[in-house]
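A quick write-up on the structure given underneath.
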Amino acid sequence: MSTHSPLRILVINGPNLNLLGRREAGIYGVATLAEIEASCRAEAATLEVEIDFFQSNHEGVLVERIQQALGACELIIINPAAYTHTSVAIRDALLAVALPVIEVHLSNVHKREPFRHHSYVSDIALGQVIGFGKDGYLLALQGGVRYLRGRASG
Ligand code: CA2
């Protein structure tokens with residue numbers, strides 16, 4: 001039996017992702033955010049990590065939630081949604097907490113409008129998972145846990 005406390009991972013979702021499954025299913029899929037949260041919780045249980053799953057439509061609320069991660073978790077998985085392409089504040093908050101970050105997008109933003117091609121997060125992220133729909137969150141969890149465990153043992 002392990003004596004280590006479980007890894008804690010914060011999963012953050014930005015504006016309009018609360019509407020998932022109800023509109024634009026052709027781009028973002030049919031799963032609701034609650035269903036994505038449930039599959040993340042199941043994956044976290046399999047991986048034996050703890051997750052906190054959060055969504056807000058407000059930039060300042062997202063910034064505050066990122067700030068609260070300091071000392072409270074080991075990794076942030078974030079789909080900043082439209083703030084990906086606009087928010088220096090979210091970038092600065094991620095830099096301030098200095099935790100490894102995995103950026104997730106449901107859609108392949110590089111196949112879409114040019115304004116979605118730039119991300120304020122990508123160059124400060126450990127990695128990105130883009131274009132795999134809801135499975136991107138699970139891939140980010142798996143990759144993030146492998147990264148943290150590899151770092152601890154190596
Ligand atoms: O592909 C992604 O995950 C995005 O982060 C989604 C954002 C978009 O602004 C990014 O460029 C890419 C938009 C999320 C909006 O979600 C909706 C869900 C249902 C109906 C309408 C919007």
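The values are calculated or read from the model by the stated rules, or taken from the named source; none is laboratory data. In this text the structure is predicted, and so the values were computed from the model without any measurement. Cβ atoms come from the backbone with ideal geometry, glycine included; neighbour counts cover every protein chain shown. Side chains are part of the model used for accessible areas, which takes the heavy atoms of the whole protein and leaves out ligands, DNA and RNA. Shrake-Rupley method; radii C 1.70, N 1.55, O 1.52, S 1.80 Å.
What pairs come out if I take residues in the stretch 94-122 that are more than 13 Å from Q67 (Cα to Cα) and within 11 Å of the ligand (Cβ to nearest atom) and pair them with residues that are among the acidic types (D, E) and modelled with pLDDT of 95 or more whose C-beta lies under 6 Å away, six or more apart or interchain?
Filtered contacts from the stretch 94-122: V121/E103.
Give the stretch 99-147 a look and list any residue that's β-branched (V, I, T) and crowded, with 16+ Cβ neighbours inside 10 Å, or say none.
V101, I102, V104, V109, V121, V129, I130, V145
Which of the residues spanning the stretch 68-93 are in a helix (DSSP H, G or I) and away from the ligand (no atom under 13 Å from the Cβ)?
Of everything in the stretch 68-93, those that are in a helix (DSSP H, G or I) and away from the ligand (no atom under 13 Å from the Cβ) turn out to be Q68, V88, A89, R91, D92, A93.
Among (1) of a type outside the set (A, V, I, L, M); (2) away from the ligand (no atom under 16 Å from the Cβ); (3) under 15 Å from the mean Cα position of the chain (by Cα), which single condition is N13 missing?
(2)
If we scan the stretch 29-41, do we find a residue that is within 22 Å of V101 (Cβ to Cβ), among the acidic types (D, E), away from the ligand (no atom under 13 Å from the Cβ) and open to solvent by less than 60 Å² (accessible area, probe 1.4 Å)?
yes
Is one or more of the residues making up the stretch 88-98 open to solvent by 30 Å² or more (accessible area, probe 1.4 Å), touching a strand residue (DSSP E or B) at 6+ places or on another chain (Cβ under 7 Å) and at pLDDT 95 or above?
Scanning the stretch 88-98 turns up no residue that is open to solvent by 30 Å² or more (accessible area, probe 1.4 Å), touching a strand residue (DSSP E or B) at 6+ places or on another chain (Cβ under 7 Å) and at pLDDT 95 or above.
Do we find that R65 is under 21 Å from N18 (Cα atoms) and part of a helix (DSSP H, G or I) in this structure?
yes
Between residues in the stretch 130-145 that are more than 17 Å from P100 (Cα to Cα) and residues that are of a type in the set (G, A, S) and assigned to a loop (DSSP other than H, G, I, E, B), which pairs lie under 6 Å by C-beta distance while being six or more apart or on different chains?
Filtered contacts from the stretch 130-145: G133/G29; K134/G29; K134/A31.
Of the residues that sit in the stretch 1-24 and are open to solvent by 40 Å² or more (accessible area, probe 1.4 Å) and of a type in the set (A, V, I, L, M, F, W, C), which one is modelled with the highest pLDDT?
L19
Which condition number in (1) buried (at least 19 other Cβ atoms within 10 Å of the Cβ); (2) within 13 Å of the chain's Cα centre (by Cα); (3) over 15 Å from G133 (Cα atoms) is the one that D52 fails?
(1)
Could you say which residue among G131, G144 is closer than 30 Å to G26 by Cβ and within 11 Å of the chain's Cα centre (by Cα)?
Only one candidate qualifies: G144.
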